Amino acid sequence: MYLDTKNVADYAATIIKVFIDYSPKLISAFLILFVGLYTIRIINRLIRRIMVKRELDPTLTKFLADILLWVLRVLLFVTFISKLGIETSSFVAILGAMGLAIGLSLQGSLSNFAGGMLIIVFKPFKVGHTIDAQGVFGTVSEIQIFVTKVITANNQTVFIPNGILSNGNIINYSLEKIRRADLTFAISYDSDIKKAKDLITSVLNENPKVLQSPPPEVFVKNLTDSAIQLAVRPWANSEDFGDVFTDTLENCKTAFDTAGIVIQPYVKEMSSATN
């Protein structure tokens with residue numbers, strides 16, 4: 001077999017020429033790649049530290065940092081292959097179509113994800129707070145990316161989607177340090193109003209969990225056809241609210257029985273039908 005040394009020399013010269021001509025692009029592309037990867041690592045660490053300082057939920061912090069990391073890596077890869085002289089328009093179009101398809105298929109999940117971010121950033125409630133939302137009353141156990149975990153008083157676990165939770169009304173019973181209990185006692189018209197009010201006031205003053213500032217209120221709320229309604233409004237620290245509520249009911253009932261104050265039972269008024 002005869003080997004043409006002239007052709008080999010021509011091929012070698014062509015390869016060397018192509019390599020010399022292409023080497024600046026190759027060097028600059030890999031330089032961009034290595035510098036970009038190092039910069040992305042620094043940016044990712046910085047973003048994580050910022051989110052930790054803002055006391056964002058650890059799950060959300062990791063999730064957002066990972067998303068940012070991969071977005072920057074994709075942009076860096078597109079820049080890298082573009083610098084090599086490879087056409088990127090088709091590649092970008094494919095990425096766009098994939099993103100649109102994923103977005104359409106995960107509309108509900110994306111809504112819940114956005115709701116979770118709103119909850120964690122604006123903090124209408126935190127873990128440990130007692131809330132009433134979407135017909136669920138309980139203590140927040142965990143704020144996840146897509147759902148919020150709430151433990152009810154009877155120890156049931158309820159997962160509420162963050163999308164509807166962030167767009168609905170939320171009553172937070174733990175946000176303020178003190179709460180007021182709104183109670184109503186209905187006594188008969190034969191009872192002494194002043195005596196009843198004095199008894200209630202005494203009960204409230206004897207309870208150490210009832211705050212004196214703001215002072216508790218006792219007043220006539222309404223005069224119905226069947227009873228005199230007395231409004232009782234004691235204040236308590238949020239953690240003592242349940243005890244103050246139940247203790248006030250029990251102790252006032254006991255005081256009324258001892259003093260002969262009659263609690264008027266609820267009377268449902270029936271309208272007579274006419275023929």
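Quick notes on this one:
- Filter result (over 35 Å from the mean Cα position of the chain (by Cα) and of a type in the set (S, T, Y)) within segment 23-49: S23, S28
- Of the residues making up segment 243-266, those that are surrounded by 15 or more Cβ atoms within 10 Å (Cβ to Cβ) and either of a type in the set (F, W, Y) or within 22 Å of S174 (Cβ to Cβ) (or both) are V244, F245, D247, T248, F256.
- Among the candidates I145, I178, the residue that is in contact with a Leu (Cβ under 7 Å, 6 or more places away or on another chain) and farther than 28 Å from S109 by Cα is uniquely I178.
- Any chance S213 is of a type in the set (S, T, Y), crowded, with 18+ Cβ neighbours inside 10 Å and assigned by TED's automatic domain parsing to the domain that holds T254: no
- Selection over segment 131-160 of residues that are assigned to a strand (DSSP E or B), more than 24 Å from A114 (Cβ to Cβ) and in contact with a Phe, Trp or Tyr (Cβ under 8 Å, 6 or more places away or on another chain) gives a count of 1.
- Residue match in segment 94-117 (condition: modelled with pLDDT of 90 or more and surrounded by 13 or more Cβ atoms within 10 Å (Cβ to Cβ)): no
- Counting residues in segment 192-214 that are modelled with pLDDT under 95, in contact with a helix residue (DSSP H, G or I) (Cβ under 9 Å, 6 or more places away or on another chain), assigned to a loop (DSSP other than H, G, I, E, B) and farther than 29 Å from T130 by Cα gives one or more.
- Residue check, S226 among the hydroxyl-bearing types (S, T, Y), in the same structural domain as A186 (by TED's automatic domain parsing), within 34 Å of the chain's Cα centre (by Cα) and surrounded by fewer than 17 Cβ atoms within 10 Å (Cβ to Cβ): no
- Which numbered condition S174 misses (of (1) of a type in the set (S, T, N, Q); (2) surrounded by fewer than 14 Cβ atoms within 10 Å (Cβ to Cβ); (3) part of a loop (DSSP other than H, G, I, E, B)): (2)
The values are calculated or read from the model by the stated rules, or taken from the named source; none is laboratory data. Note that the coordinates shown come from a computational prediction; the quantities given were computed from them, not determined experimentally. Cβ: placed from backbone, ideal geometry, glycine included. Neighbour counts: every protein chain shown.
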